[in-house]
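Below is one structure; the comments refer to it alone.
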Amino acid sequence: MKAGTIVEYKQDRAVFPVPERAEFTAGQQAARSPELHQERAVQTRRQILESAAILFDQNGYAGTSVKDVADHVGMTKGAVYFHYPSKEALTVAVVQAHYDRWPRLLEAVQAEGLGPMDTLVELLDRTAMTFRDDAVVQGGARLMMEQPLVEGSLPQPYVGWVDLIELLLTQAMDAGELREGVSPTAAAHTLVAAFFGTQHISARLDLRVDLVKRWEEARDLLSYALRA
């Protein structure tokens, strides 16, 4: 498997495993007191994470400070540091939470029992809605584009999506659903470029309000070229 790939193969079904957690030194690790296992602490961590994601999406990594996050969530910097001991740790947590969305989404789509081509379409349609509606996904996406931390701290973007879509297109070819002469590899790269390009343009120009509509337009054109 290529370095950074986030797709594994299991019984001909693609799985999105959670990317490996970045390793922090002892001085960077979050406190692990019993309080962190309490429901209130879990809710607080979620609020901090969502606030950080919103600010990262709006202002980028460089334009967001721990104080900004603390002010946004309505607590002190010390309280934020108790749960996330550094800005870098908070960044990694947002990106990890971004990737945590995809295994559940893929499993939900696969549970529909659709053919490979319809599975692919449904997956990308739901992914577009997730990008439109989910602040954590939005914040993680901007951080992945910026790659603000040292190499290896964050997963390599896009390669897992390429592998997943190539697998689905290969299954579609085997099922006679892919237009003759279409390369699953080339089509996968094109679909990923089209989807994430559409996502990025919609984010920049319309705050993703029109993302689902713009993706549906691109999807219909691409489906016409790909389906047998």
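The values are calculated or read from the model by the stated rules, or taken from the named source; none is laboratory data. In this text the structure is predicted, and so the values were computed from the model without any measurement. Here the Cβ positions follow ideal geometry from the backbone for every residue, glycine too, while neighbour counts run over all protein chains shown. When the accessible area is computed, the model is the full protein with side chains, heavy atoms only, and any ligands, DNA or RNA have been set aside. Shrake-Rupley method; radii C 1.70, N 1.55, O 1.52, S 1.80 Å.
Can you give the accessible area of Asp71 in Å² (nearest 10), computed on protein heavy atoms with a 1.4 Å probe?
Using a 1.4 Å probe on the heavy atoms, I get roughly 90 Å².
Can you give me the long-range amide H partners of Arg227? Hydrogens built in the peptide plane at 1.01 Å from N, cutoff under 5 Å, separation of 5 or more residues or another chain.
Arg179
With the crude spin-label approximation of a point 7 Å out along Cα→Cβ, what separation in nm comes out for Ala41 versus Ser183?
Placing both labels 7 Å along Cα→Cβ, they lie 5.2 nm apart.
Can you tally the net charge around Tyr84? Count Lys and Arg as +1, Asp and Glu as -1, for every other residue whose Cβ sits under 11 Å from the Cβ of Tyr84. Show your work: numbers first, answer last.
Working: positive: Arg45, Lys77, Lys87; negative: Glu88.
The answer is +2.
Could I have the simple spin-label model distance between Ala79 and Tyr158, label points 7 Å from Cα toward Cβ, reported in nm to one decimal?
Modelled inter-label distance: 4.0 nm.
Where does each of Glu151, Glu146 land when they are ordered by accessible area, with a 1.4 Å probe and the largest first?
Details: Glu151 185, Glu146 75 Å².
Per-residue accessible area, sorted high to low, gives Glu151, Glu146.
Could you please state how large a percent of the accessible area of segment 70-142 is carbon and sulfur, counting protein chains only and using a 1.4 Å probe?
Values: 1300 of 2700 Å².
In segment 70-142, the share of accessible area belonging to carbon and sulfur is 48 percent.
Estimate the FRET efficiency between Ala175 and Asp210 by the formula 1/(1 + (r/R0)^6), using the beta-carbon distance for r and 45 Å for R0, to the nearest 0.05.
Working: r = 33 Å, r/R0 = 0.73.
In this case the efficiency is close to 0.85.
Measuring from centroid to centroid over Cα atoms, what is the spacing of segment 125-165 and segment 200-228 in Å?
Segment 125-165 and segment 200-228 have Cα centres spaced 17 Å from each other.
How high is the relative contact order of segment 47-171, given as a whole-number percent (alpha carbon pairs under 8 Å, six or more residues apart)? Please report the intermediate quantities before stating the final value.
Details: 120 pairs, mean separation 44.4, N = 125.
After rounding, I find 36 percent.
Ordered by residue, what ³J(HN,Hα) values in Hz, to whole numbers, does segment 104-115 give under the Karplus form 6.51 cos²θ - 1.76 cosθ + 1.60, where θ = phi - 60° and Gly and Pro are x?
Taking θ as phi minus 60°, the curve returns 5, 5, 4, 4, 5, 5, 5, 5, 6, x, 7, x Hz for segment 104-115.
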